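**Q** Please find one structure pasted underneath; my questions will follow.
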Amino acid sequence: MQVYHRTTWPHECKTVKHRTRKAHDCAVAGCTAIECPAHVCRALGASTVRQIHWILSGALKRAVRWRWIAHSPTAHAELPSAPTPDPRPPSPAEAALLADEAWKDPDWGTFVWLAMTTGARRGELCALRWERLDLVNGVASLSRSIAQDGKDRWEKDTKTHQQRRVALDPETVEVMQEHHDRCVALAAALGVELAAGAFVFSLSADGSTPLVPDSISQRYRKMAARVGLSTHLHALRHYSATELVAALVLGLGVRAGQRAAAALRPPNATASYVLGQCETLSRWRCTRG
C-alpha cells in the first residue's frame, strides 16, 4: 500500500500524542493518534498546473531559441483558469475582539498588534530583532524570516528575498517601547543582558532564541476559537492590506487609492490581499457618497 507521507523528513508514520506522561489508558485519556494516510490519486490544482506550465514554457522557449527543437509544445497547451483570490480578513469588529483577547498577555498582545498594523508574515515577526526596530524614527526593517519544518528551525531571508522598511504609527511605537521596557526589566531581574541583536519576541530572558512559527499559529487559532472566530494568523496580513487601502481611498479617492495599493506590492499579491476583499473599500466609498 502506498502511503501519503505528511513530511519529507525522517519520521514515524504513526505516532500518538499522549495527554499525560503518567501511565494511562489512551482511549480513556483521549490521546490523539497521528498517522500518515494511504495515498489517494487526485488531479493537480489549477494553480499547480499553471506553475508547471510556466516553468516548462520558459525552458522550451529557450530550447527553440537555441534551435534544439523546432517549436514549443506548451504554446498549444490549454491552461486552466487562474483560481479567484478569496482572502477573508477579519472585520474591524472581529479584529478588535481578537486584540482585546490577545492583550490579556501583554507580550502576546504586542505580537498580534504588530501583525495587525504592519501586515508582516509570522516568520518575519519571529525573526525581528531590536537592532532592526528604530523606535525613534518609527521604522521596522523586515529583512529576515524564521523558517520551520517539523522540529527543525532556521533563519533565512524573506519570502520575496527583499528587505522592507515598514513605517510604524505613534501608537505602535508606544506599544513597542513598552514591550522593550518589559524585556529589559525581565532580563535585569534574572541577571542577564538584553543585547541589541536580541529577538523582539522570545521566550528567553536575554532574547537569544526566536519564537516558533507553528506554535504562534496554533496559539492564534486557539485564541480565535475562544472568542468564537474561525480564522488564522495570515488573515491579519489581509486585514492590514484592506485597512491600508481604505485609508488611502479616504484621503486620495478610490482610483488614487487603487493605484497606490498597486505600488505597494506585486500586482498578483495586491489582487489577493486587497482587490479580492472589497468590504472595507466599499464602506469608505459609501462614506464619500
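**Q** Restricted to Cα positions, what overall size does segment 73-113 have along the principal axes? Three whole-Å values, descending.
**A** Principal extents (largest minus smallest coordinate, Cα): 59, 21, 9 Å.
**Q** Stretch residue 234-residue 26 to full length: gain in nm at 0.36 nm per residue minus the Cα-Cα span?
**A** My answer for the length gained is 71.5 nm.
**Q** On to the next question. Which loop-located GluC sites (Glu not before Pro) does segment 77-165 contain, where loop means any DSSP state but H, G, I, E or B and the Cβ has at most 12 other Cβ atoms within 10 Å?
**A** For GluC sites (Glu not before Pro) across segment 77-165 that sit outside H, G, I, E and B with at most 12 neighbouring Cβ atoms in 10 Å, the list reads 78.
**Q** So which aspartates and glutamates can residue 222 reach, going by Cα to Cα under 18 Å and dropping same-chain residues fewer than 8 places off?
**A** 94, 100, 101, 105, 107, 214
**Q** Using the Karplus curve 6.51 cos²θ - 1.76 cosθ + 1.60 with θ = phi - 60°, what ³J(HN,Hα) values do you get for each residue of segment 109-114, in whole Hz, with x for Gly and Pro?
**A** x, 5, 4, 5, 4, 5
**Q** Using a Förster distance of 30 Å, how high is the FRET efficiency between residue 96 and residue 48, based on the Cβ-Cβ distance and rounded to 0.05?
**A** So the FRET efficiency works out to roughly 0.20.
**Q** How long is the gain from residue 104 to residue 184 if the chain were fully straight, where each residue apart is worth 0.36 nm and the alpha carbon distance is subtracted?
**A** Contour length minus the Cα-Cα distance gives 26.8 nm.
**Q** What residues qualify as long-range amide H neighbours of residue 139, i.e. H under 5 Å apart, gap of 5 or more or another chain, H built at 1.01 Å from N?
**A** Those lying under 5 Å, H to H, from residue 139 are 134, 168.
**Q** Please list, ordered by chain and number, the residues whose modelled amide H lies under 5 Å from the amide H of residue 198; skip anything fewer than 5 residues away on the same chain.
**A** Close amide H contacts, sequence-distant or interchain: 130, 131.
**Q** Is there a pair in 17/159; 22/104; 14/151 whose C-alpha atoms are over 22 Å apart, and which pairs would that be?
**A** The answer is 17/159; 22/104.
**Q** Would you calculate the separation in nanometres between label points at residue 131 and residue 14, each defined as 7 Å from the Cα along the Cα-to-beta-carbon direction?
**A** According to this spin-label approximation, the distance is 5.0 nm.
**Q** For segment 119-226, what D do you get in µm² per second when you plug the Kirkwood radius from alpha-carbon pairs into Stokes-Einstein at 37 °C and 0.692 mPa s?
**A** 224 µm²/s
Every number in this text was worked out from the coordinates using simple rules, so none of it is lab data. Computed from a predicted structure; not experimentally measured. For neighbour counting, all protein chains shown are included, and Cβ atoms are generated from backbone atoms with ideal geometry for every residue, glycine included.
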